[in-house]
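The values are calculated or read from the model by the stated rules, or taken from the named source; none is laboratory data. All values derive from a computational prediction rather than experimental measurement. Here Cβ is always computed from backbone atoms with ideal geometry, including for glycine, and neighbour counts include all displayed protein chains.
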Amino acid sequence: MVVGHDETKNIATYKYVLAGGFSGAVTRAVCQPFDVLKIRFQLQVESFDRLTGGKYRGLPQALSTIVREEGVSALWKGHVPAQSLSVVYGCVQFLSFEFLSSQMSPLIPKEFHMSSDFFIGTFSSVIATVVSFPFDVIRTRLVAQGNQTKVYSGTLHALLVIYKDKPLTLFRGLTPGIIQMAPQGGIQFSVYNAMSNVLSASEHFSSSPAPASSSDPQTVERVLSPLGSLLAGSVAGLTAKVAVYPLDLAKKRIQVQGLEEARTEFGKTLQCQSLFECLYKTWRTESLRGLYKGLSPSLLKAGLTTACLFTVYEQTLRLLTS
């Protein structure tokens with residue numbers, strides 16, 4: 001079942017919601033430590049130099065430092081809002097994509113499906129980003145604060161404090177978030193479906209094909225195997241993340257503005273209010289390399305996350321419709 005192009009089945013809306021939400025929940029539980037590492041790197045203004053650099057200087061060192069100073073549970077800091085973010089985002093994104101595809105795919109020639117996947121994926125990602133964004137802000141702020149300088153004791157406390165102080169803070173960084181997630185979602189869906197079509201033609205990446213119709217046994221529909229979904233998802237995730245990474249970094253830095261007192265043990269906090277100001281200041285003070293801080297854990301997370309997301313979604317939807 002290629003996402004968005006299964007015109008032979010009339011699938012109930014709630015099944016898309018269940019599959020999308022479940023895939024988001026499973027993916028988040030598996031990948032949260034990579035997200036914590038990525039955010040810590042993204043927010044560090046200092047360099048990664050071993051002698052004069054900041055607190056975190058590489059993946060192994062950062063991992064051991066976090067575990068030693070904050071405990072293993074710190075790798076799942078902000079997991080409750082992150083889990084809420086993933087479930088809400090997954091439900092809205094997949095439901096939007098499937099609905100829009102069902103309306104538009106019959107009108108679009110097959111040779112243009114990759115382009116339509118990009119635009120539909122872009123639009124569905126914008127909707128999902130807006131709906132789930134407050135969870136993203138809370139998750140980032142919980143991960144950003146240290147153990148000794150805590151401002152928030154948990155998800156609900158963070159929500160109440162932010163809402164009481166400045167409610168619009170829950171949408172701080174929304175513009176770069178949309179600018180980042182729109183093309184990222186479009187690339188993920190278009191690359192995933194394109195890769196799926198290629199891999200499903202191979203016996204190595206497709207499960208036992210079944211006749212598409214009893215009247216024409218020569219016509220078969222190959223079903224992408226879980227291994228094929230994992231491979232297609234990995235390629236889609238890596239491609240999308242590399243394309244939009246500086247925007248993700250800028251979004252995270254904007255989201256923690258005003259949280260300086262909770263970050264004193266981590267070093268400086270870059271002062272910026274807008275997307276372009278953040279990108280410019282990062283480039284001026286940290287060089288072009290600074291725009292890609294945290295790229296290594298982010299790529300590990302992106303490949304694993306997207307692979308897991310699409311694979312769990314496809315398999316769950318098959319289970320619900322079998």
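Overview of results
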| read-out | value |
| --- | --- |
| Pairs where the first residue, in segment 131-160, is free of Cβ contacts under 8 Å to residues at least 12 places away in the same chain and charged (D, E, K, R) and the second is in a helix (DSSP H, G or I) and exposed (fewer than 14 other Cβ atoms within 10 Å of the Cβ), C-beta under 9 Å, 6+ apart | none |
| Condition met for V92 (crowded, with 22+ Cβ neighbours inside 10 Å, within 17 Å of V131 (Cα to Cα), β-branched (V, I, T) and within 21 Å of the chain's Cα centre (by Cα)) | yes |
| Residue in segment 141-164 that is surrounded by fewer than 16 Cβ atoms within 10 Å (Cβ to Cβ), more than 27 Å from F41 (Cα to Cα), of a type in the set (K, R) and at pLDDT 90 or above present | yes |
| Qualifying positions in segment 100-130 - over 21 Å from A240 (Cα atoms) and free of Cβ contacts under 8 Å to residues at least 12 places away in the same chain | Q103, L107, I108, P109, K110, E111 |
| In segment 231-252, residue surrounded by the most Cβ atoms within 10 Å (Cβ to Cβ) [restricted to those that are aliphatic (A, V, I, L, M) and out of contact with any Leu (no Cβ under 9 Å at 6 or more places or on another chain)] | A236 |
| Count of segment 62-97 residues which are without any contact (Cβ under 8 Å) to a residue 12 or more places away in the chain, among the small types (G, A, S) and over 21 Å from L299 (Cα atoms) | 2 |
| Residue, modelled with the lowest pLDDT, within segment 292-322, restricted to residues that are small (G, A, S) and under 23 Å from the mean Cα position of the chain (by Cα) | G294 |
| T140 vs. criteria within 15 Å of G258 (Cβ to Cβ), under 14 Å from the mean Cα position of the chain (by Cα) and assigned to a helix (DSSP H, G or I) | yes |
| Matching residues in segment 265-293 - criterion: being aliphatic (A, V, I, L, M), more than 21 Å from V151 (Cα to Cα) and in contact with a helix residue (DSSP H, G or I) (Cβ under 7 Å, 6 or more places away or on another chain) | L275, L279, L291 |
| Only one of S47, S115, S64, S105 that is more than 15 Å from Y313 (Cβ to Cβ), modelled with pLDDT under 90 and either among the charged types (D, E, K, R) or part of a helix (DSSP H, G or I) (or both) | S105 |
| Pairs, first part of a helix (DSSP H, G or I) and surrounded by 15 or more Cβ atoms within 10 Å (Cβ to Cβ) in segment 1-22, second modelled with pLDDT of 75 or more and of a type in the set (D, E), C-beta under 8 Å, six or more apart | Y16/E98 |
| Scan of segment 50-61 for residues that are in a helix (DSSP H, G or I) and without any contact (Cβ under 8 Å) to a residue 60 or more places away in the chain, ordered by number | P60, Q61 |
| Number of positions in segment 253-291 that are basic (K, R), in a helix (DSSP H, G or I) and modelled with pLDDT under 85 | 1 |
